[in-house]
Amino acid sequence: MSMHLANLVIKQGDTVILGHEDDRPNTENHNLHLHDYMALGLRLRSLQSIYFSVFLSYKPERMLMEESDDDLEIGLRAMSEMVAPLKEFTVVIEDAKFERYLKTAKFGKLKKAGLAESTKAELEAAIREKLRMSYLYNMEWVDKPTHQLSKFNIMLEFPRQDGHPERMVVALEYRPAERVLRLVTVS
C-alpha cells in the first residue's frame, strides 16, 4: 500500500503546502489539484515539485508481508558487493555505546520513544523488529585510512501515549559477512 499512496499535500494548521511546476518560481503559489482548498478555509502555499517531492514527501512504514527483502537488498547492493537478507541479521549495540552514549547523550530521545528503561537486548530487538518496515537512507561506503565501513540510516517510529509518534533516525553499519548491523548513532 505504501508504494501506491500519493502524497498530494502537507497540512500544517490552516495551511496546505503542495508542489507546482518546476519552471514556476517558488514565490508564486499555485494549486494544480482539483481540490478547492481555499473554499475549505485553508491557505495555499506551493513550491516547485522537485523540492516538494524530495523534502516534503512522506512514505509510511510498511510491514513486509513476504519473506523477501528484495527492495532493501537492491539498496544494499549500491554500497556492498555482498548482500544477505536482513531478516538473517542481528542488531548489535556495543556495551560502551549503550552506557556512555544512549543512556546519557540520547536518554531524552529514548525516553520520548518509550525506550528509556529498555535493556540493551530490548533496544536491539526493538530496532531489529522495525528494521524491515523501514526504508534505507543515506547509504554510504566510508573509505578512510582510520576506518572503512558500509552504513545506512533507517527511520524508526515509536508510538507515544501523549502525542504524535516519536521518530528516530538510526545509523547502522552493514556487516554482511557476519550478518551483523552495528549501531553507529541515533538522532
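The values are calculated or read from the model by the stated rules, or taken from the named source; none is laboratory data. Since the model is a prediction, treat every value here as computed from it, not as a measurement. Reconstructed Cβ throughout: ideal geometry from the backbone, glycine too, with neighbour counts over all protein chains shown. Just so you know, the surface numbers come from the protein's heavy atoms only, side chains and all, with ligands and any DNA or RNA stripped out. Shrake-Rupley method; radii C 1.70, N 1.55, O 1.52, S 1.80 Å.
Looking at the chain only, what percent of DSSP beta bridges run antiparallel? Nearest 5 please.
Values: 25 of 34 bridges.
Expressed as a percentage, antiparallel bridges in the chain total about 75.
Can you list the residues, at least 5 places off or on another chain, whose amide H is less than 5 Å from the amide H of E166, using H built in the peptide plane?
Correct list: F158, R160.
Sticking to Cα atoms, compute the Rg of the chain to one decimal and its Dmax as the biggest Cα-Cα distance, whole number, in Å.
So, for the chain, Rg and Dmax equal 19.8, 60 Å respectively.
May I ask for the net charge around Q148, where only other residues with Cβ less than 14 Å from the Cβ of Q148 are counted and Lys, Arg are +1 while Asp, Glu are -1? Intermediate values should be presented prior to the final figure.
Values: positive: K144, K151, R175, R182; negative: E81, E140, D143, E173.
Residues close to Q148 contribute a combined charge of 0.
Report relative contact order for the chain in percent, whole number only (criteria: Cα-Cα under 8 Å, sequence separation at least 6). Numbers along the way, then the final one.
On the way: 279 pairs, mean separation 31.7, N = 187.
The value is 17 percent.
Using only alpha carbon pairs under 8 Å that are at least six residues apart, calculate the relative contact order of the range 71-140 and give it in whole percent.
Working: 34 pairs, mean separation 31.8, N = 70.
Result for the range 71-140 is 45 percent.
Counting only heavy atoms of the protein chains, get the accessible area per residue of the range 101-187 (1.4 Å probe) and round it to a whole Å² value.
Here the per-residue accessible area is 55 Å².
With a 1.4 Å probe and every protein chain kept in, tell me what percent of the accessible surface of the range 14-166 is carbon plus sulfur.
The nonpolar share, carbon plus sulfur, comes to 53 percent.
Provide the gained length on full extension for the span T146 to M82, in nm with one decimal, where the gain is 0.36 nm per separating residue minus the Cα-Cα distance.
Working: separation 64, 0.36 × 64 = 23.04 nm, distance 2.21 nm.
That pair, T146 and M82, stretches by 20.8 nm at full extension.
Determine the alpha carbon to alpha carbon distance for each of K11/K109; K120/K144; K87/K109; K120/K151 and list only those over 24 Å.
Numbers: K11/K109 26 Å; K120/K144 29 Å; K87/K109 26 Å; K120/K151 21 Å.
Among K11/K109; K120/K144; K87/K109; K120/K151, the Cα-Cα distance tops 24 Å for K11/K109; K120/K144; K87/K109.
Please grab the % of Cα pairs in the range 87-187 that end up more than 18 Å from each other. Mind dumping the intermediate values first?
On the way: 2343 of 5050 pairs.
In whole percent, the share of Cα-Cα pairs in the range 87-187 beyond 18 Å is 46.
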